[in-house]
Structure formats: C-alpha cells, structure tokens
Amino acid sequence: VQLQASGGGVVQPGGSLRLSCAASGRTFGTYGWFRQAPGKDREFVAGIRWSDSNTKYANSMKGRFTISRDKAKNTVHLQMNSLKPEDTAVYYCAATSQTWIIGMMSSNSAYSYWGQGTQVTVSS
C-alpha cells in the first residue's frame, strides 16, 4: 500500500496549487492532509471521509483550501487558493481504514498510512 503525494511547488503569495494524493492498492475510509514547516510541529490541514465526502478543515484554512475525492482515480485532492508565505511547508497526505467521525480527522494518531510529502513554497 502506497500513498503518493504530488503537486507541490513554488508559488507567489495569492496564488494557487492543487495537491494530489493517489492511493495504490486499496481505498481507505478517511484521508487527511497535514503539513510541517521548518522548526514546527506537524499540523492538520484538512480531512475527508471517503464514503460521503464529509470534510473537516483547520480554522486557518477554511475558505481557502478545499479537499475533495475522485472515486474514479482513487485520489484525494487539496485545492489551495490565496496562498500565504506562512503556508510554506512540506505537505503530507495520510490515510486510514477507519471511517472516522469528523472530530477524529484532525488527529495525527488517527492515520496509519503516510505519503512521502510534497514541498509547497509561497514566496515572491
């Protein structure tokens, strides 16, 4: 089982990026995106429940980021708009077999599988 994250890059403030997380081998119950900036702890970004697309966002991402799933491609996307320099981080996708309640999606320990991370740099 592998999670392959892609789509990172360098973008100017106010710009957009779309990250993708492709799962090989199976479909999971819940997916999440986390990020880690240099010198900081890993933090929750967004989560989605595969069965019904229920989502959860960190407060600072609400209205700017959108998580979605593509059933045909077994892929989860994170659309990031209005990017800020403080969004600069390595972004990780994560997944679990569990179909979590909304409240559990933001917990690191709720996920069993992690992708390799993709770098997002927001800079002018």
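The values are calculated or read from the model by the stated rules, or taken from the named source; none is laboratory data. In this text, all values refer to a predicted model and were calculated from it rather than measured experimentally. FYI the Cβ positions are ideal-geometry reconstructions off the backbone, even for glycines, and counts take in every protein chain you see. Calculation scope for accessible area: heavy atoms of the full protein, side chains included, ligands and nucleic acids excluded. Shrake-Rupley method; radii C 1.70, N 1.55, O 1.52, S 1.80 Å.
With open to solvent by 60 Å² or more (accessible area, probe 1.4 Å), of a type in the set (Lys, Arg) and under 30 Å from residue 124 (Cα atoms) as the only criterion, which of 84, 73 stands out?
Details: 73 fails: under 30 Å from residue 124 (Cα atoms).
Exactly one residue qualifies, and that residue is 84.
Can you find a residue in the range 62-80 that is in contact with a helix residue (DSSP H, G or I) (Cβ under 8 Å, 6 or more places away or on another chain) and farther than 26 Å from residue 11 by Cβ?
Of the range 62-80, the ones in contact with a helix residue (DSSP H, G or I) (Cβ under 8 Å, 6 or more places away or on another chain) are 80.
Next cut, farther than 26 Å from residue 11 by Cβ only: none.
Scanning the range 62-80, I find no residue that is in contact with a helix residue (DSSP H, G or I) (Cβ under 8 Å, 6 or more places away or on another chain) and farther than 26 Å from residue 11 by Cβ, so the answer is no.
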Those residues of the range 87-109 which are surrounded by fewer than 19 Cβ atoms within 10 Å (Cβ to Cβ) and at pLDDT below 95, in sequence order: 97, 98, 99, 101, 102, 103, 104, 106, 107, 108, 109
Residue pairs meeting the criteria (Cβ under 8 Å; at least 6 apart or on separate chains; first over 19 Å from residue 108 (Cβ atoms) and free of Cβ contacts under 8 Å to residues at least 24 places away in the same chain, in the range 46-68; second open to solvent by less than 40 Å² (accessible area, probe 1.4 Å) and not in a strand (DSSP E or B)): 64/83
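Confirm whether residue 67 is under 21 Å from residue 27 (Cβ atoms), open to solvent by less than 20 Å² (accessible area, probe 1.4 Å) and of a type in the set (A, V, I, L, M). Break it down into steps so the answer makes sense when it comes.
On the way: under 21 Å from residue 27 (Cβ atoms): yes; open to solvent by less than 20 Å² (accessible area, probe 1.4 Å): yes; of a type in the set (A, V, I, L, M): yes.
When the stated conditions are applied, residue 67 passes them.
Conditions (1) exposed (fewer than 15 other Cβ atoms within 10 Å of the Cβ); (2) within 20 Å of residue 97 (Cβ to Cβ); (3) touching a strand residue (DSSP E or B) at 6+ places or on another chain (Cβ under 8 Å), marked per residue:
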site	(1), (2), (3)
8	no, no, yes
12	yes, no, yes
24	yes, yes, yes
44	no, yes, yes
